[in-house]
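Colleague: One structure, as structure tokens, below. Some questions next.
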Amino acid sequence: MSTRELIVLGTGSQVPSRARNHNGYLLRWDSLGLLFDPGEGTQRQLTFAGVPASAVTRICLTHFHGDHCLGLPGVVQRLSLDGVARVHAHYPASGQEHFERLRHASVFHETTELVEEPVTGDGVVARGEFGELSALRLDHPVEAFGYRLVEPDRRTMVPRLLRRHGIHGPDVGALLRSGSLTVGGRTVAVEDVSVLRTGQRFAFVMDTRLCDNVFALAQDADLLVIEATFLDEEAELAHRYGHLTARQAARVARESGVRTLVLTHFSQRYSTMTRFHDQAAQEFDGDIVVAHDLDRIPVPRRPRPE
């Protein structure tokens, strides 16, 4: 069975605390492992989470503020130490100089092929069997991008329709391969015994004010991971520094048809997190997770047809 889950490596913004490490999020999506915004201490958090460096297949940076990238040197060096063959890296092209400095922050024997794929603007940054990974520009004092992963739509066989048409065993595979099958003198098409199943969708939105691309990234996401740096009382402060409140993040989830909302990137000024859930729940009646370090959050499954 495939694994699709978010492993939260850190939930703190700007300054780590006793309870919260700097940012860090690993999305395990079947054989894909996307490491988002590895802040300081990410390598150690991976160890605490029981996740090997070999699980990382792509690194995605939203921007180059320290709490989103200062863990990159340790992660990059760990990849070579553990013999990982190749990893792709996505980051804002305007931060190329910062990426190079972080990548070569100290002396080490580099063996991993780190394929740099800088993000220059809105659009698809990677395609594969997993679907499409896209980046959209956000509204922050420095150039920042959010990411969106969309699985291809696929046809799913409906057991009761297969039974109705007398198709079973090896004939199911033959029907899938050919698109149609003659059974009892009748031609049955794949469409007659299946439904189109919309692919799962994941969105990752970090430091930003509300803008159109925040909603575009979140649209119909099964799992939305989004910053909620401040509570309502600091809404003006949030806007000034290019951040969201918990209520604003929940509004995005509500208006975008999100299934599960994950709030994270909390200011160190807050010691208890109950009000983040409370304020978000006033806007969004879906599933809300106030993330904690080392949480493992499954991507919600789509119901299968009977």
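Colleague: Consider the stretch 1-31. How many of its residues are within 14 Å of L224 (Cα to Cα) and either open to solvent by 10 Å² or more (accessible area, probe 1.4 Å) or not hydroxyl-bearing (S, T, Y) (or both)?
Modeller: Qualifying residue count, the stretch 1-31: 7.
Colleague: Against the definition (within 22 Å of L244 (Cβ to Cβ), assigned to a strand (DSSP E or B), at pLDDT 95 or above and among the hydrophobic types (A, V, I, L, M, F, W, C)), how does A126 come out, yes or no?
Modeller: Spelling it out, it is not the case that A126 is within 22 Å of L244 (Cβ to Cβ), assigned to a strand (DSSP E or B), at pLDDT 95 or above and among the hydrophobic types (A, V, I, L, M, F, W, C).
Colleague: Just the residues that are under 17 Å from the mean Cα position of the chain (by Cα) and either farther than 19 Å from H243 by Cα or open to solvent by 30 Å² or more (accessible area, probe 1.4 Å) (or both), please, taken from the stretch 256-287.
Modeller: G257, V258, R259, T260, D287
Colleague: Report the residue count in the stretch 8-20 for those that are within 14 Å of G71 (Cα to Cα) and either modelled with pLDDT under 95 or not in a loop (DSSP other than H, G, I, E, B) (or both).
Modeller: Of the residues in the stretch 8-20, 7 are within 14 Å of G71 (Cα to Cα) and either modelled with pLDDT under 95 or not in a loop (DSSP other than H, G, I, E, B) (or both).
Colleague: I need a count of the residues in the stretch 37-94 that are among the hydrophobic types (A, V, I, L, M, F, W, C), open to solvent by less than 10 Å² (accessible area, probe 1.4 Å) and touching a Pro at 6+ places or on another chain (Cβ under 6 Å).
Modeller: 2
Colleague: Got a sec? Which of A221, A203, A216 is within 16 Å of S134 (Cβ to Cβ) and open to solvent by 40 Å² or more (accessible area, probe 1.4 Å)?
Modeller: Going through A221, A203, A216 in turn, just one is within 16 Å of S134 (Cβ to Cβ) and open to solvent by 40 Å² or more (accessible area, probe 1.4 Å): A216.
The values are calculated or read from the model by the stated rules, or taken from the named source; none is laboratory data. Just so you know, these numbers come straight off a predicted model, no measurement behind them. Backbone-built Cβ (ideal geometry, glycine too); neighbour counts: all protein chains shown. SASA here: full protein model, heavy atoms, side chains in, ligands and nucleic acids out. Shrake-Rupley method; radii C 1.70, N 1.55, O 1.52, S 1.80 Å.
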